Amino acid sequence: MTQRRAALFALALAAAAAAAAAPVAAQQTRGLAGSYLAARAAIGTNDYEAAARYYARALIRDGRNPELLQNAIVAQMGLGNLARAEPIARQMRATGADSQIANLVLLTDRLAREDWSGALEDFEAGMSVGPLVDGLVEAWARYGAGDIDAAHDAFDAVADATGMPAFGRYHAALARAAAGDMAAAEEIFSGGADGSEMRLTRRGLIARAQVLSQLGRNEEALSLIADTFGADLDPGLAALRARLAAGETVPFDLVRDARDGAAEVFFTVAGALRGEAQSSYTLLYSRAAEALRPDHVDAILLSAGLLDQMEQYALATETYQRVPRDHPRFHVAEIGRAEAFERSEREDEAIAVLERLAETHGDQPIVHITLGDMLRRMERYADATPAYDRAIALFTEEREEHWVVHFARGITHEREDQWPQAEADFRKALELNPGQPSVLNYLGYSFVEMQENLDEAMDMIREAVAARPDSGHIVDSLGWGLYRLGRYEEAVEHMERAAELLPVDPIVNDHLGDVYWAVGRRIEARFQWNRALSFEPEPEEAERIRRKLEVGLDRVLAEEGAPPLHGDEARSAGADIADGGTPAGDDG
């Protein structure tokens, strides 16, 4: 674990400890019966609305129970209700329980009221949310209290702390810029004397571009945007580029004051925790950022995305809808809302959202790509292809990341039986991203199935396997390609490996059965075909497998007009059937 991850892990430790203490707390709640059990079930599935309701009832009966109090706080913050979470946090502090989550809520409330002295007093009294949050928020609180020099010293101290330099430097730069010292901010962004230029997120890049503009260095800001994002920009970055190109001095407004700075702390931490901690824990920080700065659209988007991950689709769509229609990130929110609709099996509504978005934001390739991907997942290939066409037509330059769009369109062409167009897209994807394993595998496997370009196909598949040796689908392609070439003994090892990697995949198990049959291992072939059936293959495939179990692979191939198996192993495998013996695997 890196030092950075170790620091971040400390943030989640208190939450884990609280969870570990749950059995003890549970013993204190036996008299709460229905409300307690319903609340535990709701919080366990991240159903914050139900959890908030049931915990409120349970707290009436046992208002000093630490587990009930903490989970009630989590539920209210999950809903974005700081005003309701704060009195519960105060109640929890009154019990003497030490809770990182309660401290987070109490601190956020202090900052929302711009009670900087109160926040500093809490820190001095030993209240802690975590080392990273404590250091950065204390620095912004000093800034809010008007002690700018002490604030800068505090930011520098965080930057010098082991495992935290990037966070400290970023916020030190924001604080300098908010105070009007653009030269000092740019020195930090650029790396200063050691020249170690800071790696920035989208928000960080916007902040630096604004700083450069304030310094009269619009051309550098334009180069920064072009080098990072290329020519195809989202509406927000495109608007910023246009202002810079017009010679306008763009104001620095990413962080306007100490309250904005504190919101940025919580958002920064939430972004760092995403993927490192549970989504329900990360959500506490993004909701805190929203509470401090309701117009922090990136925090709103992060909260909505976390809720989507937790399968709280209704709350996610409600959160996405808080992004104003005229905001440059509106299309991002609508894409998220559509995907939440799709995951909640409201596919018609999902498509309707994207189709409306294509009318209002049709100049954004991502809108058409998302629509194409969604239609492709619904197997509406004829509708998906035009969406990809529109996206590709909008690209003003070829970039490596565009390979995936050509790959996706290649799949829709292939499913529409338009192979020349499909092959052209697959080869274009490889031109943009040479050696891309998924494309190599798909194109190579397709050639094998068509019995075309077999030498090239096998080279492609081997290259894909070398790049992703633990991909069951790609290893399956290699084994299946060898089988189609009649190299049955060679195929066995690879097909067995594929079945180890994807033990419940019906296609892989079916393929392994065919390979076993081809080398004369009839009982094992029948076993694999039965396994394949148990994993619910597509109806057409299931019918074919049943036919193989009835009459054997050789008879099925003959009925299909396909070339027969060949070689000594194949002749041995089919001997009993040819001589009128028992079907495959019926050896008693």
Folded to 0 to 90 degrees: helix 66-78 orientation relative to the chain principal axis, Cα: 80 degrees
Whole-Hz ³J(HN,Hα) from phi, Karplus 6.51 cos²θ - 1.76 cosθ + 1.60, for segment 532-543, glycine and proline x: 4, 4, 5, 9, 6, x, 4, x, 5, 5, 4, 4
Shape call, segment 166-282: gyration tensor on alpha carbons, a/c limit 1.5: prolate
Backbone N under 11 Å from the R415 label point (7 Å along Cα→Cβ), restricted to segment 380-394: 380-385
Cα pair distances in segment 430-534, grouped into 10 Å bins until the bin that holds the longest one, percent each: 18, 47, 28, 6, 1
Projected area, mean over directions - segment 301-442, Cα convex hull, nm²: 8.9 nm²
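Net charge around D122, counting only other residues with Cβ within less than 15 Å of its Cβ (Lys, Arg = +1; Asp, Glu = -1)?
That works out to -4.
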Gain upon complete extension [I60, I148; 0.36 nm per residue less C-alpha separation]: 27.2 nm
Separation of the D295 and A41 label points, Cα + 7 Å toward Cβ, nm: 4.4 nm
Neighbour count of at most 16 Cβ within 10 Å plus DSSP loop: longest chymotrypsin sites (Phe, Trp or Tyr not before Pro)-free window in the chain: 1-394
Residue-count net charge about E86 - beta-carbon cut-off 11 Å; Lys, Arg +1, Asp, Glu -1: +4
Gyration tensor (alpha-carbon) shape descriptor, segment 506-563, a/c threshold 1.5: oblate
Counted charge near G216, where neighbours are those whose Cβ lies closer than 13 Å (Asp, Glu -1; Lys, Arg +1): -3
Computed P(r) (all Cα pairs; the chain; 10 Å bins; percent): 3, 13, 19, 20, 18, 14, 8, 4, 1, 0
Cα convex hull of segment 370-435, projected area averaged across orientations, nm²: 4.1 nm²
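Which trypsin sites (Lys or Arg not before Pro) does segment 81-154 hold that lie in a coil by DSSP with at most 14 other beta carbons within 10 Å?
For trypsin sites (Lys or Arg not before Pro) across segment 81-154 that sit outside H, G, I, E and B with at most 14 neighbouring Cβ atoms in 10 Å, the list reads R113.
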Virtual spin-label span in nm between A94 and F229, 7 Å along Cα→Cβ: 4.9 nm
Length added when fully stretched, E276-R487, from 0.36 nm per residue minus Cα-Cα: 71.4 nm
Which of T45, L79, G34, positive extreme of dipole for segment 26-121 (C-beta unit charges): G34
Segment 164-273: trypsin sites (Lys or Arg not before Pro) in DSSP loop, at most 12 other beta carbons within 10 Å: R199, R256
Nearest-ten-degree value, helix 454-467 long axis tilted from longest Cα axis of the chain: 40 degrees
Where GluC sites (Glu not before Pro) fall in DSSP loop in segment 158-252, at most 12 other Cβ within 10 Å: E197, E248
Added length on full extension, which subtracts the Cα-Cα distance from 0.36 nm per residue, S190 to E560: 126.5 nm
The chain, relative contact order [Cα under 8 Å, separation at least 6], %: 6 percent
J(HN,Hα) series, segment 121-137, from Karplus relation 6.51 cos²θ - 1.76 cosθ + 1.60, nearest Hz, glycine and proline x: 5, 4, 4, 5, 7, x, 5, 9, 9, x, x, 5, 5, 4, x, 6, 5
Using a Förster distance of 41 Å, the FRET efficiency for E541-E49 (Cβ separation, nearest 0.05): 0.45
Positive-end residue of P537, G305, L443, charge dipole of the chain with Cβ unit charges: G305
Whole-angstrom gap from segment 493-522 to segment 231-264, using each part's C-alpha centre: 56 Å
0 to 90° range, to nearest 10: angle between helix 403-415 axis and the chain longest Cα axis: 40 degrees
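Rounded to the nearest 500 deg cm²/dmol, what is the calculated helix-only ellipticity per residue at 222 nm for the chain, with -39500 (n - 2.57) per DSSP H run of length n ≥ 4? Kindly include the intermediate steps, with their values, before the conclusion.
Details: 35 runs with 429 residues, N = 588.
Dividing the helical sum by the residues of the chain leaves -23000 deg cm²/dmol.
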For segment 27-117, fraction of C-alpha pairs farther apart than 18 Å, in %: 41 percent
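Since every read-out is calculated from the coordinates, none of them should be taken as a lab result. Computed from a prediction, not measured in an experiment: that's the story for all the values here. Counting neighbours? That spans all protein chains shown, and the Cβs are built from the backbone with ideal geometry, glycine included.
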